[in-house]
Structures are given as C-alpha cells and as structure tokens.
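Each remark here refers to the structure printed beneath this line.
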Amino acid sequence: MDGIRNMKARLFTPGPTPVPEDTLLELARPVTYHRAAEAKAILAEVSEDLKYVFQTAQPVFTLTSSGTGGMEAAVSNALAAGEKAILCTAGRWGERWRGVLKAFGANIVTVEVPYGKAVTPDMLEAALAAHPDTKVVFTTLSETSTGVGHDLEAFGKIVAKTPALLAVDGISGLGAMECKMDAWGLDLVVTGSQKALMMPPGLAFISASAKAWAKIDATPVRSFYFDLRRYRKSLAESDTPFTPGNTLIKAQRVSLKRIRAEGIENLWARHSRIAAACRAGVEALGLKVFAERPNSALTVIAVPASVDGTATLKALEKKYGYKLADGQDTLKGHIWRLSHMGYTDSFDVLGALSALELTLLDSGFKLEVGAGVAAFQKTYAAGK
Ligand SMILES: *Cc1c(COP(=O)(O)O)cnc(C)c1O
C-alpha cells in the first residue's frame, strides 16, 4: 500500500475534522434501503437531535450535499431574482455567499471588513437603515478562513426589528460555539456534517423560522433539488424527497448522540475553554492570533514575517504528523489554521501546539521551549 508510514496522522484542519470510532464503525456497516421503516425512524431521530444542536423548535432538513448546497438552498428559496440582499462578509466564506447570491441574480449590498476583522452590529444596523427594502441579510457565524466569530445575538436583534430575514452560514460554528437559532431570531441557519458535527463531508442541514417560511412560501420556486417545500412535505413523514446519503445519516445519528450526551452548553463551554488555552499558548510563543474577535471553533495564527508559513506546515506534517490548514487565496502562507472543533480534545490541541513549537524551533525561530505548552496548561487550568 502506498503512503504507509509509521506515524499517526493527526487532523487539525477546520473541516474535515476527526470522526469518532463508533461513527466510523457505523459507516462500515452494510448499506440498507432508504425507504424502509427503520430508515424513517433514524431520520426522525436525527432531525430531532439536529433541532437540539440548532436550538430550534423548527424542523431541520438533511440535504445530501456539502455545506454549500445548504447555502444554495437558503438563497434559492428565500430570495426572488433581483431582490435586495445585504451581505455581511469578513472572509472567504462570506464570499461564498456572494458567489451563490450572484448565481441567483440577487441585488447585493456588501458590508465588508478586511480579513481578520468582524462586521459589527452597528455596520449592519446602518446598512439596514440605508436599505429598508432588504429582503435577506446573509452572514457567517464562524468565518473559518480567518477565525473570526460574528455577534449573531446582536445581529439577530437588529434584523428582527425589520421585515428582512437573517440567513446564517453556521458551517464550522454550529456545534462549536454558542448559537441559538430561535432565541437569537436567526431565520435561516445552515451547517454541514464535516466541521463540528464529527462526520465526514456529504451532508448539509438547514432550518427556517416561521418568518422565513412565510417568505419562502411567497417566493417562486428557483431550485428543483433544493426546493425546501419538498423537504418540508417529506420530513413530515420522516422521509426525504430524493435518495438521501442514508449511510451518512446513520453515522450522523451516532455523532449527534455524543452531543446530546455531553449537553450543548457543556460542549460550548469545552470549546471556549480549549480555544482560550490555545490562544494563550500561541501568544506565549511570541505569535499573534489573527482574528480580532476569535471564535471557539478554530484558532488562526498570524505567521511572523521571518517564517515561511507554507513550508512550516509541510514540516509539521512530515515530521510530526500534524495536519493544520494553510490560509486560502491571498492569506496562503500568512496564517495557520488550527481546528479544535468536534472530536478534538484539550490534549489533542496541546499536542499540536507542542509540535508547532518544535517545528518552529527546528526552523530557527526564537522561542522559549515549552512556553506555549505551559501557557496552554495555565489557562486551561484556570478555565474551570
Ligand atoms: C467549510 C465551510 C463552508 C463550505 O462548505 P462545503 O461543505 O465545502 O461546501 C462554508 N462556510 C463555512 C463557514 C465553512 O467553514
């Protein structure tokens, strides 16, 4: 077999993320028929557990696609051609919204901040005041390209006062950081299986508020596969309109049970404690956290000018088996992205930090050996 090496592969990319053993074993089981009673019972159970993760009383639909399919479902169902949308973007995933919006002929008003910054509630409020005919505001919970998290509780309050909807890309954020769809007034929430939900890629999930459903029902159908009305009708009978990735759904059931067993508040607290410890570790190495409003799904580290960012990541993987993610597009070589979402614990992150320390040391970067690890431990210990 190619590529065999005597080293553990350690995945720290912000999607895909590690998958627990019991979920992997479920994926290895024989394929079953997706219209059988058992399949419907499993979909019903998964849908209930997803409502818990989304913190909503609304149905959550399972789409067989990557997360972007969920984004396309939000745009194509909630927005008619030519209607106005405010896009609050802080990075590449906000730009993904822009791509989908363009494809569906939206009239886009952009509220944009430089990479590493977050769109503020004031900026959104001003844009809505200037564009009262806005139908939907699009934004990102965790901007996975920069590590920024948006204040969606504040965004929700602002948008709720207007006729507009708030559509949230929760891919990577949902299941890693606090997010309450109903309590915060989020109207369309999307996520994917391969970020914080401890699954391989392949499923997207979307839910719509009553306010969003009123708009969807008044908007012409613009998509066949992603027509949410079809999913609503099917899910009422614990079914899907098309052949679902039922093997993935069965495995997602197993990972969702872990979230239920831990409790969502405990899960949020665990992620924020690890994230705080990781940031302390990074800073103790003399490095900077890239995001001005960091979220707890991942830590994004600014690469010092004296260091070759891409070469360092390659060495880190080759020598120690740790796979972190490089920056995308213009950020390539300038940031390192270290995920701590999903099935990643404090000691996994401590290990990654320790390996990064050694790799930097090997490359001649000046640091005090163990400083990052010690700061991580201190902050982690103080966190409880
Ligand atoms: C990963 C990611 C996406 C893209 O999802 P795909 O599953 O690749 O389609 C979109 N938004 C955010 C915030 C992400 O982290």
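The values are calculated or read from the model by the stated rules, or taken from the named source; none is laboratory data. Bear in mind that the values here come from a model prediction, so they are computed numbers and not experimental data. Glycine also receives a Cβ, built like all others from the backbone with ideal geometry; neighbour counts cover every protein chain displayed. These area figures cover heavy atoms from the full protein model, side chains too; ligands, DNA and RNA do not enter into them. Shrake-Rupley method; radii C 1.70, N 1.55, O 1.52, S 1.80 Å.
Determine the gain in length on full extension of the stretch K323-L367; use 0.36 nm per residue of separation and subtract their C-alpha separation, reporting nm with one decimal.
My answer for the length gained is 13.7 nm.
Just to be sure I follow: if Rg is taken over the C-alpha atoms of the range 21-262 and Rh is the Kirkwood radius over the same atoms, what is Rg/Rh?
Ratio of gyration radius to Kirkwood radius for the range 21-262: 0.96.
Can you list the aspartates and glutamates whose alpha carbon sits under 15 Å from that of K332, skipping same-chain ones fewer than 8 residues off?
D308
Would you mind telling me which residue in A74, A210, A90 has the biggest mean-square fluctuation in a Gaussian network model of the chain, where springs connect alpha carbons within a distance under 10 angstrom?
Between A74, A210, A90, it is A210 that shows the largest mean-square fluctuation.
Under the Karplus relation 6.51 cos²θ - 1.76 cosθ + 1.60, θ = phi - 60°, what is the ordered set of whole-Hz ³J(HN,Hα) values for the range 180-195, x standing for Gly and Pro?
Residue by residue, the range 180-195 yields 10, 3, 6, 5, 8, x, 8, 9, 9, 10, 10, 8, x, 6, 8, 9 Hz.
Filter K117/K257; K117/K323; K102/K195 down to the pairs with a C-alpha to C-alpha distance above 30 Å, please. Write out the running numbers ahead of the final one.
Values: K117/K257 35 Å; K117/K323 25 Å; K102/K195 26 Å.
Long pairs (Cα-Cα over 30 Å): K117/K257.
What is the local net charge at E83, summed over the other residues whose Cβ is closer than 9 Å to its Cβ (Lys, Arg +1; Asp, Glu -1)?
Numbers: positive: K84, K135; negative: D133.
With Lys, Arg at +1 and Asp, Glu at -1, the net is +1.
Please list, short to long, the whole-number percent of alpha-carbon pairs of the range 264-382 in consecutive 10 angstrom bins beginning at zero.
Reading upward from the zero bin: 14, 50, 31, 5, 0.
Residues with amide H under 5 Å of G286's amide H, sequence separation 5 or more or different chain, H placed in the peptide plane at 1.01 Å from N; which?
It is none; the list stays empty.
Output the pairs from K51/K180; K157/K384; K51/K250 with a Cα-Cα distance over 20 Å in this structure; if there are none, say none.
Violating the 20 Å Cα-Cα cut-off are K157/K384.
Which chymotrypsin sites (Phe, Trp or Tyr not before Pro) in the range 1-65 pass both tests, a DSSP loop state and at most 14 other beta-carbon atoms within 10 Å?
Sparse-neighbourhood loop chymotrypsin sites (Phe, Trp or Tyr not before Pro): Y33.
Could you do me a favour and compute the accessible area per residue for the chain, 1.4 Å probe, result in Å²?
Working: 15410 Å² over 384 residues.
Normalised by residue count, the accessible surface of the chain is 40 Å².
Give me the percent of accessible area attributable to carbon and sulfur for the range 1-98, probe 1.4 angstrom. List each step's numbers first, then the result.
Numbers: 2430 of 4410 Å².
Carbon and sulfur: 55 percent of the exposed surface of the range 1-98.
Just A277, A297, A160 to compare: in a GNM of the chain, with alpha carbon springs under 10 Å, which one fluctuates most?
A160
Kindly report, to the nearest 10 Å², the accessible surface of M198 as traced by a 1.4 Å probe over protein heavy atoms only.
It works out to around 10 Å².
If S306, S296 are ordered by their accessible area, calculated over protein heavy atoms with a 1.4 Å probe, which sequence runs from highest to lowest?
On the way: S306 100, S296 15 Å².
Largest accessible area first, the list is S306, S296.
Calculate the radius of gyration of the Cα atoms of the range 1-75 to one decimal place, then report Dmax, the largest Cα-Cα distance, as a whole number, both in Å.
According to the Cα coordinates of the range 1-75, Rg and Dmax are 16.7, 49 Å.
Scan the chain and report its longest stretch carrying no GluC sites (Glu not before Pro) that are both in a DSSP loop and have at most 14 other Cβ atoms within 10 Å.
1-236
List the trypsin sites (Lys or Arg not before Pro) within the range 133-199 that DSSP assigns to loop and that have no more than 14 neighbouring Cβ atoms inside 10 Å. Could the numbers behind the result be given before it?
Working: sites: K135, K157, K161, K180, K195; in loops: K135, K161, K180, K195.
Counting only loop positions with at most 14 other Cβ atoms within 10 Å, the trypsin sites (Lys or Arg not before Pro) in the range 133-199 are K161.
Rounded, prolate or oblate for the range 169-208? Axes are the square roots of the Cα gyration tensor eigenvalues, ordered a ≥ b ≥ c, and the cut-off for rounded is a/c under 1.5.
oblate
Could you tell me the accessible area of T32 in Å² (1.4 Å probe, neighbours in place), rounded to the nearest ten?
Surface open to solvent at T32 totals about 60 Å².
Springs between alpha-carbon pairs under 10 angstrom, Gaussian network model over the chain: which of V53, V307, V136 fluctuates most?
V307
For L87, list long-range residues whose amide hydrogen, built 1.01 Å from N in the peptide plane, is under 5 Å from its own amide hydrogen.
Amide H to amide H, under 5 Å and 5 or more residues apart or across chains, L87 pairs with V109, T110, V111, F138.
From the Cα gyration tensor of the range 90-153, with a ≥ b ≥ c the square roots of its eigenvalues, which class applies: rounded if a/c is under 1.5, or else prolate if a/b is larger than b/c, or else oblate?
Judged from the Cα gyration tensor, the range 90-153 comes out oblate (a/c at least 1.5, b/c at or above a/b).
Order the following by accessible area, largest value first: T247, T330. Probe radius 1.4 Å; ligands, DNA and RNA are ignored.
So the residues, ranked largest to smallest area, are T330, T247.
Can you give me the long-range amide H partners of L63? Hydrogens built in the peptide plane at 1.01 Å from N, cutoff under 5 Å, separation of 5 or more residues or another chain.
Under 5 Å from the amide H of L63 lie the amide H atoms of A204, F205, I206, each far enough along the sequence or on another chain.
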